[in-house]
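These notes concern the structure reproduced below.
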Amino acid sequence: MKIVIFAPHPDDEVYGCGGSILKWMDEGHELHIIYVTDNRVLISWGKEHGQLLEKYAKDFLNLTEDEIAKICLTEAKEVSKAFGFLSEHVHLFEFHDQDAKNQINLGVKLAKNIIKDAHRIVLPSDNNNHPDHQATHTIAKQSALELNLKDTEFYVYAIYNVIKLPMERQIKVKIANYREKLYEIMSLYKTQLALKDTRLGWQTLKRKRSERFAIFSLKDAEKFYNF
């Protein structure tokens with residue numbers, strides 16, 4: 001099975017579906033990952049919102065956004081390798097952080113060639129209050145609609161909002177056996193772990209037992225809150 005994961009930013013794959021990625025790898029599926037943005041404003045955003053932990057951010061404080069972006073994308077490559085992705089299955093759109101909403105058309109063009117033969121697409125939820133997450137959802141769904149991927153299944157994960165769907169339309173993937181490895185993989189994101197909330201979330205990975213997805217088909221598009 002070919003599975004394509006959309007990550008709005010490097011680290012969203014860890015928190016949204018990281019344990020499932022490891023499980024699907026063990027099951028022998030062909031996995032691809034798309035990193036949509038480059039996290040270039042991570043440090044400046046952390047400063048502005050009082051999220052920065054200077055103890056962990058000291059190496060990044062005096063860098064330009066271009067330099068931060070280069071580091072973040074290098075981390076994403078290291079993380080994808082730790083997950084087990086083949087290098088040719090790692091796709092970097094390199095859209096500027098916080099600007100994905102202005103890159104929808106290009107995103108669709110880039111995504112279509114990657115997802116055209118996908119059996120499963122894993123994407124962030126619709127109705128998302130984070131603009132990059134919402135843009136990523138739009139790119140993934142619009143690409144699938146234009147390709148008419150009527151036989152593809154869609155696994156939607158929720159980070160900044162909730163899944164609003166009857167339980168029979170959801171699936172829970174048990175990941176307890178993968179949480180230690182997931183915790184270790186997240187440790188490679190040194191830039192992300194310079195933020196308070198991300199570092200707190202990192203600790204929860206040790207206790208995580210499952211991941212929940214809303215399951216859709218293409219005919220469900222625009223009919224549900226999450227899709």
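The values are calculated or read from the model by the stated rules, or taken from the named source; none is laboratory data. Since the structure is predicted, the reported quantities are computational estimates derived from the model, not experimental observations. All Cβ positions, even for glycine, are placed from backbone atoms using ideal geometry, and neighbour counts span all protein chains on display.
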Completion exercise
Exactly one of F83, F95 is in contact (Cβ under 8 Å) with a residue 12 or more places away in the chain and touching a helix residue (DSSP H, G or I) at 6+ places or on another chain (Cβ under 6 Å), and that one is F83
Completion exercise
Condition set over 15 Å from the mean Cα position of the chain (by Cα) and among the basic types (K, R), scope the stretch 93-135, selection farthest from K164 (Cα to Cα): answer is K109
Exercise for the section: Look at T74 and say whether it is more than 24 Å from A214 (Cβ to Cβ) and of a type outside the set (A, V, I, L, M). Expected result: yes
Problem - Matching residues in the stretch 86-109 - criterion: being of a type in the set (A, V, I, L, M) and touching a Phe, Trp or Tyr at 6+ places or on another chain (Cβ under 6 Å) - result: L92
Completion exercise
Of the residues in the stretch 64-92, those that are exposed (fewer than 14 other Cβ atoms within 10 Å of the Cβ) and more than 19 Å from the chain's Cα centre (by Cα) number 3
Exercise for the section: Kindly indicate whether K47 is out of contact with any Ser or Thr (no Cβ under 8 Å at 6 or more places or on another chain) and modelled with pLDDT under 95. Expected result: yes
Exercise for the section: Could you tell me whether the stretch 32-53 includes any residue that is over 21 Å from the mean Cα position of the chain (by Cα) and closer than 26 Å to E180 by Cα? Expected result: yes
Exercise for the section: Could you tell me whether any residue of the stretch 118-127 is without any contact (Cβ under 8 Å) to a residue 40 or more places away in the chain and of a type outside the set (D, E, K, R)? Expected result: no
Problem - Per-region count, the stretch 153-181, residues in contact with a Lys or Arg (Cβ under 9 Å, 6 or more places away or on another chain), farther than 25 Å from V41 by Cα and not polar (S, T, N, Q) - result: 13
Exercise for the section: Using the structure shown, decide if N62 is more than 25 Å from D220 (Cα to Cα) and touching a Cys at 6+ places or on another chain (Cβ under 6 Å). Expected result: no
Fill in the blank from the handout: V36 passes all but one of the listed conditions (1) surrounded by fewer than 15 Cβ atoms within 10 Å (Cβ to Cβ); (2) within 20 Å of A144 (Cα to Cα); the exception is number (1)
